[in-house]
Amino acid sequence: MKFWSLLLLLWLLSACHAAPAVGNGPIDGEKEEATVLTIRGEVAFIDLEGGFFGIVDEEGHRYDPTNLPPEFAVAGLPVNIRGRTLPRAVGFHMWGTRIEIISIEKR
């Protein structure tokens, strides 16, 4: 019995390393690079997964900031943001483009 359990475990582990990641990362060796953005938008409270604050710009694009200062966590607050996209960052919100705020100010 131990032999078959060990064999199954080894097979499962080898399958994890053998399968390429699909849909993750650059195509044909291209590098995904961060983009610096200037965003004119509004802070929004997103009532998903326990709730969090995001940014919606004037065109309706959604941004999920990783470092929104607590004093800006006010739904409806108009803001100007300079931020950097985080193309390789993994988050659990599944909402908008992940960004790191470089600077933020109230409008």
State the extension gain, in nm to one decimal, for the chain segment bounded by residue 34 and residue 103, taking 0.36 nm per residue of separation less the distance between their alpha-carbons.
23.3 nm
Provide the per-residue ³J(HN,Hα) series for segment 90-104, in order, calculated from phi with Karplus coefficients 6.51, -1.76, 1.60 and θ = phi - 60°, each as a whole number of Hz, with x at glycine and proline positions.
10, x, 9, 6, 6, 9, x, 8, 5, 9, 10, 6, 8, 8, 8
Segment 36-106: relative contact order from alpha carbon pairs under 8 Å, six or more residues apart, as a whole percent, is 36 percent
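Only the coordinates and a few stated rules stand behind these numbers; no lab work does. No experiment lies behind these values; they were computed from the predicted model shown.
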